[in-house]
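What follows is one structure encoded as structure tokens, with my remarks underneath.
Each value in this text was obtained by applying a stated rule to the coordinates, not by laboratory testing. Predicted model, so just to flag it, every value in this text is computed and none were measured. Don't worry about glycine lacking a Cβ; one is built from the backbone with ideal geometry, like all the others, and counts go over all protein chains shown.
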Amino acid sequence: MNIGPIELPNQPLFLAPMEDVTDSPFRQLCRRKGADIVFTEFISSEAIIRASDIAMQKMDFEEMERPFGVQIFGGREEAMEGAAKVAVDQNPDLVDINFGCPVYKIVKKGAGAGCLKDLAMMERMAGTVVDAVQDRPVTVKTRLGWDDNTIKIQEVALMLQKLGVKALTVHARTRSQKYKGDARWDWLKKLKNTPGLEIPIIGNGDVTSPELAKKMFEETGVDGVMIGRGAIGNPWIFEQTRHYLETGELLPEPTVRQRVELCAEQLRLSVQQHGERYGVIIMKKHYGQYLKGVRNGKNLRMQLMEHDEMDPILELLLNFDETEIHAVA
């Protein structure tokens, strides 16, 4: 599978952009554990054109993260054009447009999934970004539609293809569903069978295990699978899924020792990038997932949350006794 000049393996696995989650340290670990392509969390086009320190830092990346994409969102064409140009100056491999975020404060400005209520606006916005980004592929992430009465994903896909968008990721829910109910994979299959549609389609929604990733590939025919929440605290999901796709065998779950050591590594990288105070704060949302299913993991997480400095957290993590406390199914 190719996205413009970017060559990816058969059945590629994507790390989903996630706000306050997919910073460079987390992306590095996911790439190391088998993600084929990674993205920044979504970044406001308005913040980018103001050269906000936070927005600019979100675009920082390490070479080992490639192929790497910057995801932008916004409700004004001028801001999206300017943000796309600034993003390209940071030298990512591609620029992704977020037309799928369901959060009200984003939607009310016509950004994210708000564009699903105004496809003409979506068309202008996407066309503006494609025109602004001449030498990098532009991709889009969106949803099935605004609600059950406005599912027009096939029309949207053909429109984006005509504009020059090189790949489309679809979260198989409507905006009105947000993250509730089951993802509707049947629509991904319908989309893949759309006459005249040639760009790669990446499926997203409810893929939390290697078995579910394989099921999505087989049932829908999508070209790639994007994994989001299933990767938080579990970067191993990518190598596990790749192995399962290629061999039909499930790798063992990571041991408790492997979990705490990778969590500690992410903490070190987080502090290295963000500084100790903010780096420790960012990691607090990850501890629960790294320790999910671990006996007495809740107690350890509560201890970790009490500290604002890296060293005592590392000591707690690395002294966690896996001979007495272990993962449970």
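Find the relative contact order for the chain and round it to a whole percent, using C-alpha pairs within less than 8 Å whose residues are 6+ positions apart.
It rounds to 14 percent for the chain.
Computed over the Cα atoms, what is the radius of gyration of the chain divided by 2.2 N^0.38 Å, N being its residue count? Could the numbers behind the result be given before it?
Values: Rg = 19.7 Å, N = 329, 2.2 N^0.38 = 19.9 Å.
Scaled against compact globular proteins, the figure is 0.99.
Where Lys and Arg each count +1 and Asp and Glu each count -1, what net charge lies around GLY181 among other residues with Cβ under 14 Å from its Cβ?
Working: positive: ARG143, ARG173, ARG175, LYS178, LYS180, ARG184; negative: ASP147, ASP148, ASP182, ASP186, ASP206.
In short, +1.
Could you grab the relative contact order for segment 256-318? Cα pairs under 8 Å, six or more apart, rounded to a whole percent.
39
Please sort 299-311, 252-264, 61-73 by packing, taking for each peptide the average over its residues of neighbouring beta carbons within 10 angstrom, highest first.
Packing proxy ranking, top to bottom: 61-73, 252-264, 299-311.
Rounded to the nearest Å, what's the spacing between the alpha carbon centres of segment 150-173 and segment 9-30? Just the number, please.
22
Taking the DSSP beta bridges in segment 8-247 as the whole, what percent of them are antiparallel, to the nearest 5?
5
What is the dipole size for the chain, taken about its Cα centre, with +1 at each Lys and Arg Cβ and -1 at each Asp and Glu Cβ, in debye to the nearest 20?
On the way: 42 positive and 48 negative charges, 229 e Å.
Its charge dipole is roughly 1100 debye.
Find the relative contact order for segment 1-134 and round it to a whole percent, using C-alpha pairs within less than 8 Å whose residues are 6+ positions apart.
Reported as a whole number, the value is 19 percent.
Looking at segment 85-180, what % of the alpha carbon pairs are farther apart than 23 Å?
Values: 996 of 4560 pairs.
Value for segment 85-180 (Cα pairs over 23 Å): 22 percent.
Which order, highest average first, do 42-52, 276-286 follow once you tally other Cβ atoms within 10 Å for each residue and take the mean per peptide?
Ranking the peptides 42-52, 276-286 by packing returns 42-52, 276-286.
Taking the highest mean first, how do the peptides 98-108, 176-186, 227-237 order by number of other beta carbon atoms within 10 angstrom per residue?
The most tightly packed comes first, giving 227-237, 98-108, 176-186.
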